[in-house]
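Enquirer: Got a structure here, written out as structure tokens. Questions coming.
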Amino acid sequence: AVVSTQSGHYGRESTDKKLLPTEGKRNPTKKIREGFLRIGTLNARSFSSKSVEVMEHLKDESCDICLIQETFLREEEKAKLQEIQDYGWNIISNPRKHRSGGGVAILYRKHLKIQSNLKVTKPKSFQVMEVTICTKTGMMRLVNVYRPGYSRKARHTACFFLEEFGEYLDELAMKPGEPIIAGDFNFHVERPEELYPKKFQMLLEEHDLLQCTPLIPTHEEGGTLDLVLSSEAVQSKMGPRRVLVDGTKSDHYLVHFDLNVEPTATDGDRPQSITYRNFNDIDLEVFRRDISLSPIGNETSWSGSSLDEVVETYNSSLKQLMDKHAPVNTKKEKSTDCDSALIPLL
């Protein structure tokens, strides 16, 4: 297998299985270090027809999340979605409507708490989907992009894409959560001297974004087409970006990296206990009567007392009344690790 990192060095695996120190295979059921997410991007060229091979490849590489392009999935493929769940993955799929092919999706392990954002402008020259993931240091926003090359069916020029993508980045900058944008852009960024790769790089610089994929082939016919974009702050949390040449029947290669963040548990994993009083159950007539009979309603019980004593009498008497008429109940509530105030902004 050909393995490569962001340094740009790559080569065939030797017969004695000696790999670079950071590139040995991991146990697919365990992470090397706690507090890391392994995130990948792959143009599957019909995930629908090779889902098992792709999921096995992701399992071998211990990926936690993978942004998939060209899924070829359809909304009515319930059996395929069930198969994916049976393999231990959840999937959020955004199929291409009105014609075949295309489609983007995000596969993720079931222990992760991921929320889809449906309020995304739909551009003409590329497909895009967003999800947010809650971590212990804040929200991350993962963006999956697929830009088809110019063809009879997709007659959108590179110039038009750059215009639309720039508008999308402006919109993305207004949303909460540090973005990581990944996918198949069909731009040969390994040729920075050419017109449109140069304009693409300028667009990224205008939005303070870095292109993080090493400038080596991510496609069997050559070209760095599958990109990972992020801010400098997010890139500083990334481990080496690796390109895995084999593992699926796709003509694109898996690109993945470790991100130094610790995701929060899913709602189902971490129930919280909350306490409450059911004030709707109070019989007001009986409650008024008990107030009048309590020290609160009897002036002689606190006249001549100091202010602190009056406050103490009031608080203790009121608590006794509340415990009688609206006792404290306890129930388990699903946790909400992301600030609920941010949800409308998603």
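The values are calculated or read from the model by the stated rules, or taken from the named source; none is laboratory data. This is a predicted model, so every value here is computed, not measured. FYI the Cβ positions are ideal-geometry reconstructions off the backbone, even for glycines, and counts take in every protein chain you see. To get the accessible areas, we keep the full protein, side chains included, count just its heavy atoms, and leave off ligands, DNA and RNA. Shrake-Rupley method; radii C 1.70, N 1.55, O 1.52, S 1.80 Å.
Enquirer: When only residues in the stretch 271-305 that are within 49 Å of the chain's Cα centre (by Cα) and part of a loop (DSSP other than H, G, I, E, B) count, which is modelled with the lowest pLDDT?
Expert: Filtering first and then ranking leaves P271.
Enquirer: Among the residues of the stretch 211-270 satisfying the criterion of being open to solvent by 20 Å² or more (accessible area, probe 1.4 Å), hydrophobic (A, V, I, L, M, F, W, C) and in a loop (DSSP other than H, G, I, E, B), which is nearest to G138 (Cα to Cα)?
Expert: Step by step, filter the stretch 211-270, then rank; the result is L215.
Enquirer: Considering the stretch 158-203 alone, what residues qualify as being among the hydroxyl-bearing types (S, T, Y) and either out of contact with any strand residue (DSSP E or B) (no Cβ under 8 Å at 6 or more places or on another chain) or not in a helix (DSSP H, G or I) (or both)?
Expert: If the condition is that a residue be among the hydroxyl-bearing types (S, T, Y) and either out of contact with any strand residue (DSSP E or B) (no Cβ under 8 Å at 6 or more places or on another chain) or not in a helix (DSSP H, G or I) (or both), then Y196 is the only one that fits.
Enquirer: For a quick check of your reading of the model, give me the residue pairs whose first member lies in the stretch 56-68 and is crowded, with 21+ Cβ neighbours inside 10 Å, whose second is part of a helix (DSSP H, G or I) and not β-branched (V, I, T), with beta-carbon atoms closer than 7 Å and at least 6 apart or on different chains.
Expert: Filtered contacts from the stretch 56-68: C66/L58; I68/F47.
Enquirer: Does at least one position in the stretch 69-78 carry a residue that is over 22 Å from P123 (Cβ atoms), modelled with pLDDT of 90 or more and open to solvent by 20 Å² or more (accessible area, probe 1.4 Å)?
Expert: Checking the stretch 69-78: not a single residue is over 22 Å from P123 (Cβ atoms), modelled with pLDDT of 90 or more and open to solvent by 20 Å² or more (accessible area, probe 1.4 Å).
Enquirer: Please verify whether R99 is among the basic types (K, R) and either modelled with pLDDT under 90 or crowded, with 22+ Cβ neighbours inside 10 Å (or both), treating the condition exactly as stated.
Expert: So R99 fits the description; yes.
Enquirer: Which of the residues spanning the stretch 81-97 are closer than 16 Å to L58 by Cβ and charged (D, E, K, R)?
Expert: If the condition is that a residue be closer than 16 Å to L58 by Cβ and charged (D, E, K, R), then E83, D86 are the ones that fit.
Enquirer: Return yes or no: is L142 at pLDDT 95 or above and within 28 Å of R38 (Cβ to Cβ)?
Expert: In short, yes.
Enquirer: Could you count how many residues in the stretch 89-110 are under 22 Å from G35 (Cβ atoms) and out of contact with any strand residue (DSSP E or B) (no Cβ under 7 Å at 6 or more places or on another chain)?
Expert: 0
Enquirer: Of everything in the stretch 123-149, what is open to solvent by less than 20 Å² (accessible area, probe 1.4 Å), in contact (Cβ under 8 Å) with a residue 60 or more places away in the chain, farther than 18 Å from T71 by Cβ and not polar (S, T, N, Q)? Give them in sequence order.
Expert: Listed by number, the residues that qualify are I133, C134, M140.
Enquirer: Where the second residue is among the hydrophobic types (A, V, I, L, M, F, W, C) and surrounded by 20 or more Cβ atoms within 10 Å (Cβ to Cβ) and the first is more than 21 Å from L259 (Cβ to Cβ) and lies in the stretch 161-189, which pairs have Cβ atoms under 6 Å and are six or more apart or on separate chains?
Expert: So the pair list comes out as N186/L225; F187/F200.
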